[in-house]
1. Shape call for the chain from the C-alpha gyration tensor, a ≥ b ≥ c root eigenvalues: rounded (a/c under 1.5), prolate (a/b greater than b/c) or oblate?
2. Using the Cα centre of the stretch 159-317 as origin and beta-carbon charges of +1 (Lys, Arg) and -1 (Asp, Glu), tell me which of Ile199, Val282, Thr179 is placed farthest towards the positive end of the dipole.
3. If you count the DSSP beta bridges with both ends in the stretch 159-317, what percent of them are antiparallel, to the nearest 5?
4. Taking the Cα centre of the chain as origin, sum charge times position over the Cβ atoms of Lys and Arg (+1) and Asp and Glu (-1), and report the length of that vector in debye to the nearest 20.
5. Compute the Cα gyration tensor for the stretch 288-365, then decide on rounded, prolate or oblate, letting a ≥ b ≥ c be the square roots of its eigenvalues: rounded whenever a/c is under 1.5, prolate when a/b is larger than b/c in the other cases, and oblate in all that remain.
6. Can you grab the distance from the C-alpha centre of the stretch 440-477 to the C-alpha centre of the stretch 502-524, Å, no decimals?
7. Report the relative contact order of the stretch 271-360, percent, no decimals, based on alpha-carbon pairs under 8 angstrom and at least 6 residues apart.
8. Give me the 1.4 Å probe accessible area per residue for the stretch 190-237, excluding ligands and nucleic acids, in Å².
Amino acid sequence: MPLKLAGVATVGSLLLCVAISLFHIAGAEDPYRFFNWNITYGDIYPLGVRQTGILINGQFPGPDIHSVTNDNLIINVFNSLDEPFLLSWNGIQQRRNSFEDGVFGTTCPIPAGKNFTYILQVKDQIGTFYYFPSLAFHKAAGGFGGIRILSRPRIPVPFPDPAGDYTVLIGDWYKSNHTTLKARLDRGKKLPFPDGILINGRGPNGVSFNVEQGKTYRLRISNVGLQHSLNFRIQNHKMKLVEVEGTHTLQTMYSSLDVHVGQSYSVLVTADQPAQDYYIVVSTRFSYKVLTTTGVLRYSNSAGPVSGPPPGGPTIQIDWSLNQARSIRTNLTASGPRPNPQGSYHYGMINTTKTIILVSSAGQVNGKQRYAINSVSYVVPDTPLKLADYFKISGVFRPGSISDRPTGGGIYLDTSVLQADYRNFVEIVFQNNENIVQSYHLDGYSFFVVGMDGGQWTTASRNQYNLRDAVARCTTQVYPFSWTAIYIALDNVGMWNLRSEFWARQYLGQQLYLRVYTTSTSIRDEFPVPKNAILCGRASGRHTRPL
């Protein structure tokens, strides 16, 4: 059904809208950072073949967003494509403000030739994240970039300032245009095996990072790819893990690091080897054939280029990866966004109010490939769920349209919305009965990854939970024929996308929305719809909040 659009703001009128919205979002003490982005198509050659990419201000990947805790980010996005477009902000919690989340369940697309201004606040957050295009299959064409949120100056960081700070976006890649891949999925087919791996939008040896002898550098690594877990390593260098998606970690040394789809890690690397060039290597994990790409760590006083074969890494070893994941713990003594230890929130002493068990599945529906959670394969409605909820438009979705336990039945199509109550403390178990590593992300939240193991989860599995220093993050992996358990404090009212980060699975139904609900209408609990919100579908013609 074509969407009717209304309320698309012009650049001039946005200034008033922004000022009004900021009144609600932040006090005067929080700085504003302004961005103007033009989204276009352009020719790119990441694997040596010309293809159509999505550029932001002519860049592929897009520009980094640099910010500080509590900053207000005012991002004016002009859509110069010939189709609707949205950006989403992987890991930005959008406190009380799911309207700005940039997925179709919450936000109307920006029409071709129009603009929309996102008004975000990185409230009480630090760390490494990224943004990406969420509609159609645009993610396979680019349009992604890094987000870094630095601690406020008066908040101590548990390591010295590095000599440099680099964004490292890694991901699998196809030579086919995104339109070709989307058409394949629309016909009910699976994606083929990728053609290569990119580092910052470049193919083999296409990117280098410059370092000086004896100095330490921070690398912010995000897997922005479509489906493959990747292993990251640097020839002859150890990496000290210091941060995962907003949580300072125990500073453990690793020779290589598994980064699953949608995940972000910060590592410190010291240039403590003889002065020359060294391979940076990224390779696929758990794949029937191994794809590898390389970049270069280049010493400023280098005596020569890289030499010898790139160092090998793990390939199919599940136990190796599982043990590494379990070793990633929170640094309980480090301050987070506020000047108090990250271990001051004793999540392990809180009784859970509900257990939700989510089981993935794959299969055919009407002769086409679909993917599901608890047997429901998500169908995109004609109106964003959040707008339907806000304006009380019936017939768009039903709260509780997906069970909080597996039903055991076959896959069927529905717009799946899982109901949850504000301020509940819930346990979610991701049960993976398939022979692949899965990756799940929840918008609006950081959750505690309290346990993961092979086999079927049972209540006895809680005996092995980490209830003291589990890492808090927004994206977690689930190993083949295994389970992963998380704890979440539902302190953020809104409509939040819970999805597979395997983008073909997400596109073909492996997602749902978590409706965190309260009867309160106070702006202390949730902001009203933004004044400049685009209104589409059955919300067309409605009115945003008055001046």
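The values are calculated or read from the model by the stated rules, or taken from the named source; none is laboratory data. Everything quoted here is computed from the prediction, not taken from an experiment. No Cβ is skipped: glycine too gets one built from the backbone with ideal geometry, and neighbour counts run over all protein chains shown. Areas reflect the complete protein model, heavy atoms only, side chains present, ligands, DNA and RNA absent. Shrake-Rupley method; radii C 1.70, N 1.55, O 1.52, S 1.80 Å.
1. Rounded is the answer for the chain, as its axis ratio a/c remains below 1.5.
2. Sorting the options by dipole projection puts first Thr179.
3. Percent antiparallel among DSSP bridges in the stretch 159-317 is about 75.
4. Values: 49 positive and 36 negative charges, 129 e Å.
So the magnitude is around 620 debye.
5. Working: a/c = 3.17, a/b = 1.37, b/c = 2.32.
In terms of gyration-tensor shape, oblate.
6. Value for the Cα centre distance between the two parts: 19 Å.
7. Working: 89 pairs, mean separation 19.0, N = 90.
Normalised by residue count, the contact order of the stretch 271-360 is 21 percent.
8. Numbers: 1550 Å² over 48 residues.
Spelled out: the 1.4 Å probe surface of the stretch 190-237, per residue, equals 32 Å².
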